[in-house]
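Please treat every number below as a calculation from the coordinates, not as lab data. Small disclaimer: the values here were computed from a predicted structure and weren't measured. Here the Cβ positions follow ideal geometry from the backbone for every residue, glycine too, while neighbour counts run over all protein chains shown.
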Amino acid sequence: MLDKTDLELIRKRLEAQDVQRGKVITISNEIIKISKTIIYSLHRNDVKSAQKAIKDIRGLRSQMEAYVKNHPKLNHAGSYKVAEQEFVEALAFYGIVVDKYVPSSKDLKVDDEFYLLGLMDLTGELVRKAINASIKGEYHESLMLKDAVSEVYDELMRFEFGNTELRKRFDGIKYDLKKLEDLALNLKLSNKI
């Protein structure tokens with residue numbers, strides 16, 4: 001009655017996909033960990049460690065992309081999505097802090113949605129960096145970071161996100177920007193800038 005040969009082929013394809021999914025999850029977790037290393041290194045102004053971690057993360061990401069290319073359904077896996085967002089966040093944070101330039105989605109070779117989600121996550125790290133810079137008396141750094149968050153917010157305001165995860169994350173940026181505007185105002189009122 002059933003085509004057992006067909007079912008056996010389906011079973012083998014699904015098993016192979018499951019093996020690849022496990023590899024993507026393992027690599028995704030490592031990418032997430034290294035992304036945090038990049039961010040924490042930059043918060044400590046340890047650019048050398050961040051650069052080494054960027055080299056590592058790029059290699060792992062190439063491996064992950066190869067698995068996903070062979071099994072396109074894996075690009076919808078939650079671990080893959082989170083790893084891509086964290087990758088964008090870490091490299092964009094490096095770009096702002098070190099190069100004063102945010103790499104584009106084309107530069108990073110990431111999906112549009114993952115890129116936007118990574119940019120949206122980035123603003124929280126910029127707030128933290130700006131507050132710490134202000135505590136250290138690096139007021140102009142704080143203002144530069146406020147301007148970066150403002151630019152992200154202004155550009156993303158042009159999008160129509162609807163009722164999606166992007167919309168929820170975008171709404172959080174205005175609170176990050178408000179924190180930095182309050183910081184800038186306090187610095188101005190105390191004649192520190």
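What to note about this one:
- Taking the square roots of five times each eigenvalue of the Cα gyration tensor of segment 111-193, the equivalent ellipsoid has semi-axes of 27, 12, 9 Å, listed largest first.
- The ranking of Phe114, Phe159, Phe93, Phe87 by Cβ neighbour count inside 10 Å, starting from the fewest, reads Phe159, Phe114, Phe93, Phe87.
- Mean-position separation - Cα centroids, segment 41-103 and segment 147-193, in angstrom: 23
- Ranked for footprinting exposure by Cβ neighbours inside 10 Å, fewest first, Met1, Met157 give Met1, Met157.
- Our Cα-only numbers for segment 81-154 put the radius of gyration and Dmax at 12.3, 38 Å.
- Selection from Ser79, Thr164, Ala50 lying farthest towards where the dipole of the chain points positive, charges on Cβ: Ala50
- Between Ser79, Ser105, Ser28, the residue with the greatest mean-square fluctuation in the GNM of the chain (Cα pairs under 10 Å linked by springs) is Ser105.
- Whether segment 1-103 is rounded, prolate or oblate, judged on the alpha carbon gyration tensor where a/c under 1.5 counts as rounded: prolate
- Going from the fewest other Cβ atoms within 10 Å to the most, the residues Thr164, Thr37 appear in the order Thr164, Thr37.
- Cα-based equivalent ellipsoid of the chain: semi-axis lengths in Å, sorted from largest, via gyration tensor: 40, 19, 11
- Note on the chain: with charges restricted to the Cβ of Lys and Arg (+1) and Asp and Glu (-1), its dipole about the Cα centre is near 500 debye.
- Residue-averaged 222 nm ellipticity for the chain, from DSSP H runs of 4+ at -39500 (n - 2.57), nearest 500: -27500 deg cm²/dmol
- Helical segments meeting 15 Å axial Cα length and Kyte-Doolittle 1.6 threshold in the chain (DSSP H): none
- Of all the options Asn29, Asn70, Asn163, the one that moves most in a Gaussian network model of the chain with Cα springs shorter than 10 angstrom is Asn163.
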